[in-house]
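Note sheet for the following structure.
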Amino acid sequence: MAEEREIKENLLLAALPAESLERLLPALERVVLRPTEILFNYEDALDQVYFPGRDTVISFLCRTDEYDNVEIGLCGNEGAVGIPALFGVETTAHQNLVQVPGNGFRLSVSSARDEFRRGGRFQELILKFSHSLFIQVSQTALCNRLHADEERLARWLLLSNDRVNSRQLPLPRELLAKLLGRSVSSASLTVSLLERAGLLSYNGKELTITDRERLETVACNCYWVARRQASRVLEIS
């Protein structure tokens, strides 16, 4: 059985009342989320719900007919991965990839559905997080269409940094390209523009934010919209 202290590293689980958490505790399984691990691939059966722990980030990716992958959103310890299963969806339309590795917990869909159908705080938090993620994905679609690559990269870096207690992020060039929906060479050029401006440093595998305040001035307003929505999920600032 998972320890309650560890479980509460996920803010959604930490916000549950004692009786809800007691019902879930026997079914919650601690898991290690490894770098670039794929929790769900396209059309995979949704048989688990994952709750990322502190300093862990999961990316949601879409693909084109040409099988190019592009990130459309991300989730840290404020939410969960696999929640369409709670609404009766059997398979996922997205790829869920571990962007920043760490620990977390998973729950069988049957156990999660049982608690969700009870209503109450668990259902409320899942629905609020789903709304927050919808806003983030919608804002990302707008951002990808209207804003420059350096603005989009700044937005993504800030959203990731909000979820990780470190300014150093694992970011191989191939993942960087997926995040921006660009070729590796084009994505590397965008990074170099911000690097020359003194906002970050990058070695091809890890990226370090060196001036967060100035990076915030580069990011478009899409960052602030997504951040406000994430803060409202659990009514935290």
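What the table shows:
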{"item": "Lone qualifier among Y67, Y50 - being of a type in the set (S, T, Y) and at pLDDT below 95", "result": "Y67"}
{"item": "Considering residues of the stretch 172-187 that are assigned to a loop (DSSP other than H, G, I, E, B) and not hydroxyl-bearing (S, T, Y) only, the residue farthest from E37 (Cα to Cα)", "result": "R182"}
{"item": "Contacts under 7 angstrom Cβ, first residue in the stretch 123-150 being touching a residue at least 40 places away in the same chain (Cβ under 8 Å), partner polar (S, T, N, Q), 6 or more apart", "result": "S132/Q229; I135/Q229; Q136/Q229; D149/T190; E150/T190"}
{"item": "Residue that is modelled with the highest pLDDT, among those in the stretch 124-145 that are surrounded by fewer than 19 Cβ atoms within 10 Å (Cβ to Cβ) and of a type in the set (G, A, S)", "result": "S130"}
{"item": "Scope the stretch 48-57; condition crowded, with 17+ Cβ neighbours inside 10 Å, within 22 Å of L21 (Cβ to Cβ) and touching a strand residue (DSSP E or B) at 6+ places or on another chain (Cβ under 6 Å); matching residues", "result": "Q48, V49, Y50, F51, P52, G53, T56"}
{"item": "Subset tally (residues that are in contact with a Leu (Cβ under 8 Å, 6 or more places away or on another chain) and outside any helix (DSSP H, G or I)) for the stretch 188-219", "result": "12"}
{"item": "Selection within the stretch 159-172 - at pLDDT 90 or above and over 15 Å from S59 (Cβ atoms)", "result": "R167, Q168"}
{"item": "Any hit, the stretch 81-93, residues being on the phi > 0 side of the Ramachandran plot and crowded, with 20+ Cβ neighbours inside 10 Å", "result": "yes"}
{"item": "Candidate set: the stretch 61-72, residues that are out of contact with any Asp or Glu (no Cβ under 7 Å at 6 or more places or on another chain) and under 21 Å from E90 (Cα atoms); chosen: the one surrounded by the fewest Cβ atoms within 10 Å (Cβ to Cβ)", "result": "R63"}
{"item": "Among the residues listed as R113, R121, the single one being surrounded by fewer than 20 Cβ atoms within 10 Å (Cβ to Cβ) and in contact with a Pro (Cβ under 6 Å, 6 or more places away or on another chain)", "result": "R121"}
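The values are calculated or read from the model by the stated rules, or taken from the named source; none is laboratory data. These numbers come from a predicted model, not from an experiment. Don't worry about glycine lacking a Cβ; one is built from the backbone with ideal geometry, like all the others, and counts go over all protein chains shown.
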